[in-house]
Amino acid sequence: MIITRKTMDRRTMLRHVIYAPTGLMMASWTPAQAGENYTLSPILKPLEAHREKFMVVSNLDHAQAEALGDGAGDHGRCCGSYLTGAHVKKTEGADLASGVSMDQLVAQKYGEVTQIPSLELGLEQPSLAGSCDTGYSCAYTNTLSWSTPSTPLPVTTNPRAVFERLFGDGDSLDAASRLAQLRRQASILDFVADDAKRLSAGMSASDKRKLDEYMTSVRDIEKRIQKAEAAGGAAGSVTTFARPAGIPDDFQEHARMMIDLQVLSAQSDLTRVTTLMLAREVSGRSYPEIGVPDAHHPLSHHGNDPEKVAKLTKINTLHMKQIAYYIQRMSETKDGEASLLANPLLPAGASLADPNSHSHRNLPTIVAGGLVKGNRHLVAAKDTPMTNLMLSMMDMLDVRVDKLGDSTGRLPGFASVA
Amino acid sequence: MAWNNVRRHNGAKRLGAKLLVSAGVLAAAGLVASPFDASVSTAERKKMLLQYCTACHNDKAKTANMSVLPLNPDNLGADNATWEKILRRLSLGEMPPKGMKRPPKEQLNDFVHWLEHSLDQRIAANPDPGRATVRRLNRTEYANAVRDLLAFDVDMSKDLPVDDTGYGFDNIADILTVSPTLMDRYINVAGKISRLATGQASRNPGTTDHKIEKDLFENAFGIASYNERASDLLPLDSRGGTAFKYYAPYDATYAIQVFLNSGTSTESEIDANNRYELRVPLKAGLRTIGVSFRRKMALNEELIPASTKGPRVPKATNVTLLPMDVQVDGARVKTLEVPSVALGPNVSQSFYLRDVMQVSVVGPYDIQGPGDTPSRRKIFTCRPASASSSAENACARQILGTLARQAYRRPVSSADINPLMKIYAEARKGSDFEHGISASVQAILVSPGFLFMTESDPRGSRPGAIHRIPALELATRLSLFLWSSIPDEELLAVAEKRKLSDPAVLKQQVSRMLADTRSKALTDNFAGQWLYLRRLEFQKPDRRAYPDFDVRLRSAMKTETEMFFAGVVRENRSVLDFLGADYTYLNQRLAEHYGIKGVNGTTFRKVQLEPALHRGGLMGQASVLTVTSYNNRTSVVLRGKWILENILAAPPPPPPPDIPALNEARNGKVMTVREQMEMHRKHPVCASCHTKMDPFGFSLENYDATGAWRSADAGKLLDVSATLPDGTNFDGPKGLRDVLMSRKDQFVEAFTERLMTYALARGVEAYDMPAVRLVRNAARDDGYRMHTVVMGIVQSVPFSMRRPPEK
């Protein structure tokens, strides 16, 4: 892939999602006050420096993640419904059924103008197919994104694979190597075009048409290279970034690398829709680096044991730190004159509230980015569907949709852009 | 079968085409078919059609879109496709249908023999090789061509998009298009290949993961592991683990990281806590890396059940250490000691044996050099005599000339080499000789001369004037057919010397190619698609109904059928073995599935079969039986359709839309599959096709949805009797085999059609049918041997001749 450095439309829409699994300790999450200038709760503390850039939204529900007669399996349901608002089908088999997720609806529109329609990222390897939550296939807890009601999009956890998908086989992105790569490709394409011309000279009309497909494709790539070369020397080139070797051992390092790639993908406009799962739903990961050697999911069944609650809060806070890192990186990265953060909408949060009771009500949610008015805590009316927020967000991105899952309308008070 | 669809071919235009071929090719030998009464006039032939066919096939009703009224037996060419259809239906005994007036048997047979003879004779006088479109290499052929051109055996085909299929195969010329995405991928992949093959890959360490295929995760238990040898590449006394190929880009040090199962209920099986690493030096090139444990002979004493209640504090237990062996290219390089159970804060319990989930290789570190790999040896056939640019250029010309000749499958001239030298020179600037060469190699790999198989016509030839395909182009057709790759040096040389037109030389080359290991491509690509083996990995038998269906069984099923097919090719056996054989290939897992005793170990071996074992031939093999079933039950219709399509070349038309699902219970009673299928027989709209398909499926009902033998279903003893539309009764798999054997000529025709489709890379049309029948007759005269079928196809008009297309 060649980085195309085109001047971005001032209002280029970006849609990134960051997701924390297995619920949050709501007592330490929900800010006490509503409205502006609220006090940040302990879990939200890492975002202190950026309070102008995000808002907290409370009282959003995912009613479709309730059992509704299906019995156990809250994790399979909550993850499958997070971006779809659908009541997913209880199955371990091939007949998965959810809904089209919000990020894919946005990708359907913007994916046409970018090289890659969307990126699904994760930090924890998807479980091998099987059952991950009672009666629910692992496909439900492996990802948030569904391009069709039966097609989940698996996450990529290897930063190197993401890099290669975005930028191809090169070792690094510095200007010299990029230009060298471009030149080599250009000369090969010249040779190939000449060769094709020679070959097609002796061909019949129908055979010529076949070779035409080939030549058209070659010209297509030549044009892209020319554009890239022309822009390549221009100021404000992409930061130098080396190709990652593989998956880092350390959680934070891995998270930062993935977030860096999210930022990079936005900077080079290779895609405008990304989702990042900080861990799989029902994650069993442990975090010894912050003093939590226990596995996450079993821990989340805290039974109100103060020691467990404290450890869980630590994990939640660590996850929030990564979101803070995202906001920071987006703010520092230039896009034309403004920062990249001017444009995107980043909803972040979890699909469960209190994990012990697998509560699907009043889900912890923040929305960051230049399109929202930050520094406020919006308390929605009781029983507001989360999907209403998503509809409003899609409005902001110019993606007009009448209904998403169980939505009942837009979210009042949300759309007030600075 | 392309022409079986309702379409007309106007052979009339081709009548009177000037022949540029010697008459010897049109061997009349094959035309001595079954005798017929030559005294019967064509008017009487037409009368027969009018008498028995016009009730349905008239101008008004036009059943199956066909009326026999305009047909003229004196001018078969005007309605070639229709006549071929008539021939097929009559020989199958399907027409006239049951219940309608039928002519006496002898008269019907006489008609059939006359028709076949006449159609064959018409084509013999006016050969028609059909249309040949320029054809791109599909991704398998591309990977094989790279392997043979550069001696570089790393499968890059996964980096290329999946090819579209047509007529059941993914090598069909018309269907293989080129898109910008594909072009982009070709350039990318060519870059990777050219750098790796010349020893110029990135010097930064990267990670390559090899994930082992495992069974489904079982909530609270983990993922199954077995006390048996996991691969033929691992030590005989080993259990578990894996062996895989890794391409080391440099002579250097690499870290091998082994991820073990944590055997707990925390679904995340791959984490740093259960990772064991060692550093080994590896020589550049394709290395086989193996990791394994030692086979347990005694009872497992390491399993430590831990309580899940109470405080989750790890007990201070002495956990046994297990030796874990790491091998490189078959030799053990190190033995690590790993705990026999995963040590974690939460659970120290293991339901399954300690085993490997994934192996990652990280490197290169401490690079020593590009090494002496087979691909470097193949590419660098010379070294510059001195450091001067003229010496370098001379050597570069030699290297590129050699590679271009094999890549383009023809002699090359400076018109071919000069542009490559230009690329070499540009890349050489500011770098070195090898870097320049790698750029030119990349160019060769994306050039149309490599990617496309082009065929030429003699100068000044008129459209419609057929001619023999020149030797070099025939060589490419041959190598794509038998090896899914480019010709090797020997074949190229024989073709260049124009010896390939000698039938004896051609035969010798074909035999050589079939004996060569590269003919494995026929098994992988032809059989893999003809027998739907590529679908096997996507079948997901219901875990509750078939709890024993595991990764080992899935893999074993595939191997059985692959080895069976390959055996018929290698030993030049009769293709009738596909219908029924007294042998097959088994390992212990598969034998257990079949209820066959006495087969021990994971390695496959040939096993003689007794009739009582109910196996032998394709229809008794679990792979075929599984891909023709649903996840939780067998399908009489899928199996019947498979037999009609692949064994008898008589595919049924597609079903009408909006068919409701089967009723599994009526009035509270669970019905057998047979009872559920009643509707197929009752309704005439359904019956027209289902009376042909269902009988075959019923006879196979003893095999469940994973191919295991059973005598009962839904609590009732199975009724595996069946009746064909023409009244033939048969019973069970043995009866099926007898019925198919009685139609063996038809099977050989069907098999030839499939193989010819694959060989020609286009659908087989009505005008090809005489060629198909020629092959069938030749096979019949030689015990139906496989090589005779292959040779027949190679020598056929469609394969060895060409009709210049309209300009």
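The values are calculated or read from the model by the stated rules, or taken from the named source; none is laboratory data. Note that the structure is predicted; figures quoted are calculated from it, not measured. Virtual Cβ from ideal backbone geometry, glycine too; neighbours counted across all protein chains shown. Only protein heavy atoms, including side chains, enter the accessible area calculation; ligands, DNA and RNA are left aside. Shrake-Rupley method; radii C 1.70, N 1.55, O 1.52, S 1.80 Å.
Numbers below:
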read-out	value
Filter pass, residue B:106 being under 30 Å from residue B:647 (Cβ atoms), more than 12 Å from chain A (Cβ to nearest Cβ) and crowded, with 17+ Cβ neighbours inside 10 Å	no
The stretch B:537-556 residues that are within 13 Å of another protein chain (Cβ to nearest Cβ), paired with ones that are among the aromatic types (Phe, Trp, Tyr) and in a loop (DSSP other than H, G, I, E, B) (beta carbon under 8 Å, 6 or more apart)	B:541/B:549; B:543/B:549
Failed item, numbered, when residue B:141 is tested on (1) more than 14 Å from chain A (Cβ to nearest Cβ); (2) in a loop (DSSP other than H, G, I, E, B); (3) in contact (Cβ under 8 Å) with a residue 60 or more places away in the chain	(2)
Candidates B:157, B:225, B:194 - the one that is more than 8 Å from chain A (Cβ to nearest Cβ), surrounded by 23 or more Cβ atoms within 10 Å (Cβ to Cβ) and modelled with pLDDT under 90	B:225
Hey, residue B:437 open to solvent by 10 Å² or more (accessible area, probe 1.4 Å) and among the β-branched types (Val, Ile, Thr) or not	no
Residue B:186 vs. criteria farther than 15 Å from residue B:356 by Cβ, modelled with pLDDT under 90 and open to solvent by less than 10 Å² (accessible area, probe 1.4 Å)	yes
Single condition residue B:210 does not satisfy, out of (1) under 30 Å from residue A:141 (Cα atoms); (2) open to solvent by less than 20 Å² (accessible area, probe 1.4 Å)	(2)
Matching residues in the stretch B:65-108 - criterion: being over 33 Å from the mean Cα position of the chain (by Cα), within 23 Å of residue B:723 (Cβ to Cβ) and not in a loop (DSSP other than H, G, I, E, B)	B:105, B:108
Any pair with Cβ under 7 angstrom, 6 or more apart, that starts in the stretch B:646-667 at a residue that is surrounded by 10 or more Cβ atoms within 10 Å (Cβ to Cβ) and ends at one that is among the β-branched types (Val, Ile, Thr) and at pLDDT below 80	B:664/B:670
Per-region count, the stretch A:62-86, residues open to solvent by 10 Å² or more (accessible area, probe 1.4 Å) and in contact (Cβ under 8 Å) with a residue 24 or more places away in the chain	8
Hits in the stretch B:208-217 - residues which are charged (D, E, K, R) and within 7 Å of chain A (Cβ to nearest Cβ)	B:214
Within the stretch B:472-510, considering residues that are in contact with a Leu (Cβ under 9 Å, 6 or more places away or on another chain) and under 19 Å from residue B:127 (Cβ atoms), the one surrounded by the fewest Cβ atoms within 10 Å (Cβ to Cβ)	B:501
Test: residue in the stretch B:546-564 that is touching an Asp or Glu at 6+ places or on another chain (Cβ under 9 Å), in a loop (DSSP other than H, G, I, E, B) and of a type outside the set (D, E, K, R)	yes
Subset of the stretch B:250-263 [out of contact with any Leu (no Cβ under 6 Å at 6 or more places or on another chain) and either of a type outside the set (A, V, I, L, M, F, W, C) or open to solvent by 10 Å² or more (accessible area, probe 1.4 Å) (or both)]	B:250, B:251, B:253, B:257, B:259, B:261, B:262, B:263
Residue B:415, sole failed condition from (1) surrounded by fewer than 19 Cβ atoms within 10 Å (Cβ to Cβ); (2) more than 14 Å from chain A (Cβ to nearest Cβ)	(2)
Selection status of residue B:118, without any contact (Cβ under 8 Å) to a residue 40 or more places away in the chain and either farther than 21 Å from residue A:209 by Cβ or open to solvent by 20 Å² or more (accessible area, probe 1.4 Å) (or both)	no
Residue in the stretch B:247-255 that is in a strand (DSSP E or B), within 14 Å of chain A (Cβ to nearest Cβ), under 14 Å from residue B:326 (Cα atoms) and in contact with a strand residue (DSSP E or B) (Cβ under 7 Å, 6 or more places away or on another chain) present	yes
All positions within the stretch B:755-807 that are of a type outside the set (D, E, K, R), within 14 Å of chain A (Cβ to nearest Cβ) and more than 23 Å from residue B:509 (Cβ to Cβ)	B:804, B:805
Filter pass, residue A:299 being within 10 Å of another protein chain (Cβ to nearest Cβ) and outside any loop (DSSP other than H, G, I, E, B)	yes
Top-ranked residue in the stretch B:197-207 [being in contact (Cβ under 8 Å) with a residue 60 or more places away in the chain and at the interface with chain A (Cβ under 7 Å from one of its Cβ atoms); ranked as least open to solvent (accessible area, probe 1.4 Å)]	B:206
Looking only at the stretch A:204-228, and only at residues there that are more than 7 Å from chain B (Cβ to nearest Cβ) and over 26 Å from residue B:436 (Cα atoms), the one that is surrounded by the most Cβ atoms within 10 Å (Cβ to Cβ)	A:208
Residue within the stretch B:682-700 that is in a loop (DSSP other than H, G, I, E, B), surrounded by 17 or more Cβ atoms within 10 Å (Cβ to Cβ) and modelled with pLDDT of 80 or more present	yes
Sole exception among (1) modelled with pLDDT of 95 or more; (2) touching a helix residue (DSSP H, G or I) at 6+ places or on another chain (Cβ under 7 Å); (3) closer than 22 Å to residue B:752 by Cβ; (4) open to solvent by less than 30 Å² (accessible area, probe 1.4 Å) for residue B:564, by number	(2)
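Listed here are the residues, each with its yes/no results for (1) surrounded by fewer than 17 Cβ atoms within 10 Å (Cβ to Cβ); (2) within 14 Å of chain B (Cβ to nearest Cβ); (3) part of a helix (DSSP H, G or I).
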site: A:283; (1), (2), (3): no, yes, no
site: A:304; (1), (2), (3): yes, no, no
site: A:310; (1), (2), (3): yes, no, yes
site: A:319; (1), (2), (3): no, no, yes
site: A:345; (1), (2), (3): no, no, no
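The rows are residues; the columns are (1) more than 14 Å from chain B (Cβ to nearest Cβ); (2) open to solvent by 10 Å² or more (accessible area, probe 1.4 Å); (3) of a type in the set (Phe, Trp, Tyr); (4) assigned to a loop (DSSP other than H, G, I, E, B).
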| site | (1), (2), (3), (4) |
| --- | --- |
| A:352 | yes, no, no, yes |
| A:384 | yes, yes, no, no |
| A:389 | yes, no, no, no |
| A:401 | yes, yes, no, yes |
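Yes/no matrix, rows are residues, columns are (1) at positive phi; (2) modelled with pLDDT of 90 or more; (3) open to solvent by 20 Å² or more (accessible area, probe 1.4 Å):
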{"residue": "B:358", "(1), (2), (3)": "no, yes, no"}
{"residue": "B:368", "(1), (2), (3)": "no, yes, yes"}
{"residue": "B:372", "(1), (2), (3)": "no, yes, yes"}
{"residue": "B:408", "(1), (2), (3)": "no, yes, no"}
{"residue": "B:443", "(1), (2), (3)": "no, yes, no"}
{"residue": "B:446", "(1), (2), (3)": "no, yes, no"}
{"residue": "B:459", "(1), (2), (3)": "no, no, yes"}
{"residue": "B:464", "(1), (2), (3)": "yes, no, yes"}
{"residue": "B:470", "(1), (2), (3)": "no, yes, yes"}
